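Report on the structure given below.
The values are calculated or read from the model by the stated rules, or taken from the named source; none is laboratory data. Here the structure is a predicted model, which means the values were calculated and not measured. FYI the Cβ positions are ideal-geometry reconstructions off the backbone, even for glycines, and counts take in every protein chain you see.
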Amino acid sequence: MRRALLPALVVLAVTCPGAAAGPPDAGTTAGAAAATAPEPARSRALLALLRQDCGACHGMRLTGGLGPALTPEALRTKPQSALVATILSGRVGTAMPPWRPFLTEAEARWLVVQLLAGDLDAAR
Ligand code: HEC
C-alpha cells in the first residue's frame, strides 16, 4: 500500500500549483487574508466539501455539532495558522480528521478565510 501511495502523493505535490505558492509565513493574519482563491470549479468543490463533509460534524450551518462551531464569531479570536494546521493535520485524540490528503495548504488557508468571512456562498 505505502509503495502505491507515495508516487501518487508526489504527483499531487508536483501538479498542485497552490502547494508551493505563497509566502512561507502562511500563518500570519496577512498570509491567510492573502490566500488566493482557487479556480472557480475547485472553489465550488471546496465549499461543497465544507458544507457536506465538515458539516457532518460541525453542523449543517457550521454552528456546532460533534465538532465546535466554525462561525466567524467562534473563530475570530483564534490564530489562523492554528486553524489551518487543525484542518490539515486534524487533532489527535479527537474526531477531527486530517484533511491533508484532500487539500493543499493554500486551499486550507482559503477555507479558513471563507469561514472567517462567514460567506460560504461567495464563490458561487
Ligand atoms: C468526524 C468529525 C469531523 C469532521 C468530518 C470535521 N471535523 Fe473539524 N473538528 C472535529 C472535532 C471533534 C473538533 C474539536 C477537536 C478538539 O476537541 O480539539 C474539530 C475542530 C476543528 C477546528 C478547530 C476549531 C477551533 O475552535 O479551534 C477546525 C478549524 C475544524 N475542525 C475545521 C474542519 C473542517 C474545515 C472540516 C472539513 C474539511 C472539518 N473540520 C471536518 C470534528 C470533525
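Scoring ARG44 on the criteria (1) surrounded by fewer than 18 Cβ atoms within 10 Å (Cβ to Cβ); (2) part of a helix (DSSP H, G or I); (3) within 9 Å of the ligand (Cβ to nearest atom); (4) in contact (Cβ under 8 Å) with a residue 40 or more places away in the chain leaves a single failure, condition (3).
Residue-by-condition table, conditions (1) more than 27 Å from GLU39 (Cβ to Cβ); (2) not polar (S, T, N, Q):
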position: LEU62; (1), (2): no, yes
position: THR77; (1), (2): yes, no
position: ILE87; (1), (2): no, yes
position: VAL92; (1), (2): yes, yes
position: PHE102; (1), (2): no, yes
position: ALA106; (1), (2): no, yes
position: TRP110; (1), (2): no, yes
position: ALA117; (1), (2): no, yes
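Contact map, region 76-88: first residue modelled with pLDDT of 95 or more, second residue near the ligand (Cβ under 10 Å from one of its atoms) and of a type in the set (Phe, Trp, Tyr), Cβ cut-off under 8 Å, separation 6 or more or different chains; pairs are ILE87/TRP99; LEU88/TRP99.
With respect to the stated conditions, LEU50 is within 19 Å of PRO97 (Cα to Cα) and assigned to a helix (DSSP H, G or I). Only a single item in (1) loosely packed, with under 14 Cβ neighbours inside 10 Å; (2) more than 12 Å from the ligand (Cβ to nearest atom) is not met by ALA56, and it is number (2).
Looking across ALA108, ALA34, ALA4, ALA19, one residue alone is at pLDDT below 90 and in contact with a helix residue (DSSP H, G or I) (Cβ under 7 Å, 6 or more places away or on another chain). It is ALA19. Restricting the search to region 59-75, which residues are assigned to a loop (DSSP other than H, G, I, E, B) and either more than 8 Å from the ligand (Cβ to nearest atom) or touching a residue at least 24 places away in the same chain (Cβ under 8 Å) (or both)? Those that are assigned to a loop (DSSP other than H, G, I, E, B) and either more than 8 Å from the ligand (Cβ to nearest atom) or touching a residue at least 24 places away in the same chain (Cβ under 8 Å) (or both): GLY59, MET60, ARG61, LEU62, THR63, GLY64, GLY65, LEU66, GLY67, LEU70, THR71.
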